[in-house]
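One structure is given here, and the rest of the page talks about it.
The values are calculated or read from the model by the stated rules, or taken from the named source; none is laboratory data. A quick note: this is a predicted structure, and the numbers were derived from the prediction, not measured. Don't worry about glycine lacking a Cβ; one is built from the backbone with ideal geometry, like all the others, and counts go over all protein chains shown. Just the protein is used for accessible areas: all its heavy atoms, side chains included, with ligands, DNA and RNA removed. Shrake-Rupley method; radii C 1.70, N 1.55, O 1.52, S 1.80 Å.
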Amino acid sequence: MKFPKKPLKCHHFFKHEEKKLVSSILTSQSIHFSQTRQYSTASTISDPSSTTMVNMNLLLFMNHSPVKNALWEARSSIFWNYSSIVPLASSINDHLIAKTPSRSRTSVVYSFSSDFELRERYRNPINEIRIEKLLEDLDALAGTISYKHCSSDDGKARSLILVTASVDNMILKKPICIDNDLTIEGAVTWVGCSSLEIQLEVKQSTPESTNSTESVSLTANFTFVARDKTGKSVKINQILPENEKEKHLWEEAEERNKMRKKKKEEKKDNLNELLLANKDNNNNILIKETCLQNSLVCQPEKNNIHGQIFGGYLMRKAYELAYATAYSFARTPPCFVEVDHVDFLKPVDVGDFLHLKSCVIYTQVENSSRPLINVEVVSHVTQPQDLSSEISNNFYFTFTVPSDSLRNGLKIRNVVPGTEEEARRVMDVRDAFHP
């Protein structure tokens with residue numbers, strides 16, 4: 001199967017075109033994009049004549065954004081075609097090959113300048129792009145790139161499940177204009193035994209941009225792991241960098257992977273010092289005084305074929321709460337800076353009662369012209385009937401405030417821990433993301 005070379009352009013699909021869209025999705029012969037956090041190639045339509053089964057699967061994209069509808073359309077033929085599945089159990093290593101990054105490179109174009117409906121879906125109240133929706137799309141694209149890399153040499157799917165393990169270093173390098181066209185592209189940059197890293201770039205050209213590097217507005221690194229139906233690790237295709245840039249990206253990813261596995265050798269002895277130094281300061285505010293929370297029941301329209309909730313949707317809900325937390329704390333609309341890290345610790349199923357708790361974990365006020373607000377969001381899958389809960393995700397976001405607000409006298413307070421446990425959390429987060 002051949003992959004399309006041109007980037008897929010995303011336009012708004014109106015309600016009366018949904019029937020046409022569904023038909024094109026089920027007959028598409030290209031693999032380009034996807035929507036889910038878990039991407040399985042094992043569960044497909046065993047009986048193509050089963051109308052009920054098809055209609056159930058169509059619910060996966062009927063209520064999603066135009067961009068993610070396009071992602072589904074581009075990849076559907078392999079996803080739904082039972083005959084293209086390569087059995088994993090009978091040949092776990094037979095189909096393993098080495099692929100170049102160009103084999104998985106994928107891009108999508110947002111035609112904001114010409115598509116009013118699409119533009120309005122992504123516009124926020126202050127006339128900027130909705131970062132939370134962009135997070136959903138980045139997760140979808142990263143998943144499909146990993147899927148393309150792990151498919152066999154003839155484009156057939158292997159019977160495995162790809163799971164988002166983490167997101168690192170999602171950094172906004174310059175503002176994104178909602179009125180100009182936008183391109184997201186990425187490829188696999190590093191592969192281990194059963195894990196792989198995908199680097200994504202959000203690009204938007206301006207009259208001042210003289211080269212492709214200057215057009216990059218945001219970068220992100222996604223890590224996926226491969227599992228079989230029992231949850232065991234599965235070997236995947238290796239990577240074969242072709243040029244100096246790809247080799248450099250591989251080396252950077254290799255170093256990041258080593259850092260993830262490396263256990264901290266030094267014990268911090270200054271917890272009490274941190275607590276004592278923060279007392280009796282009128283500019284200080286306790287972590288517990290910055291907290292917000294939200295709860296929701298996970299609905300079927302946000303699930304994948306395994307009944308589990310998309311990672312991009314979870315990132316979106318966490319971002320919305322983090323933004324509100326930073327807004328409430330700073331008393332002015334905050335500006336997004338980066339996603340420091342996201343952990344996917346436990347799958348979230350349809351029907352789960354999800355409870356999200358947020359706080360300003362610490363602030364960096366040394367640079368008075370650009371103070372930083374670091375927000376932690378912890379997601380719990382809760383069982384109210386049993387009075388129990390389990391952490392499913394950890395999210396860490398960084399915001400700042402508009403320069404106009406600072407010029408008008410806004411001061412960002414110093415957030416401090418009130419307990420030893422909070423002090424330990426602060427130090428762990430600082431050491432991990434802002435050493």
Task: Positions within the stretch 339-353 being surrounded by 21 or more Cβ atoms within 10 Å (Cβ to Cβ) and either at pLDDT 95 or above or assigned to a strand (DSSP E or B) (or both), in sequence order - done: Val339, Asp340, Val342, Phe344
Task: Filter result (farther than 16 Å from Thr144 by Cβ and open to solvent by less than 70 Å² (accessible area, probe 1.4 Å)) within the stretch 226-236 - done: Arg227, Asp228, Gly231, Val234
TODO: Go through the stretch 398-431 and count every residue that is over 19 Å from Cys291 (Cβ atoms), under 23 Å from the mean Cα position of the chain (by Cα) and exposed (fewer than 14 other Cβ atoms within 10 Å of the Cβ).
DONE: 1
Task: the stretch 237-253 - residue that is closer than 12 Å to Glu197 by Cα and open to solvent by less than 50 Å² (accessible area, probe 1.4 Å) and, of those, nearest to the chain's Cα centre (by Cα) - done: Ala253
Task: Members of the stretch 99-118 that are among the β-branched types (Val, Ile, Thr) and over 22 Å from the mean Cα position of the chain (by Cα) - done: Thr100
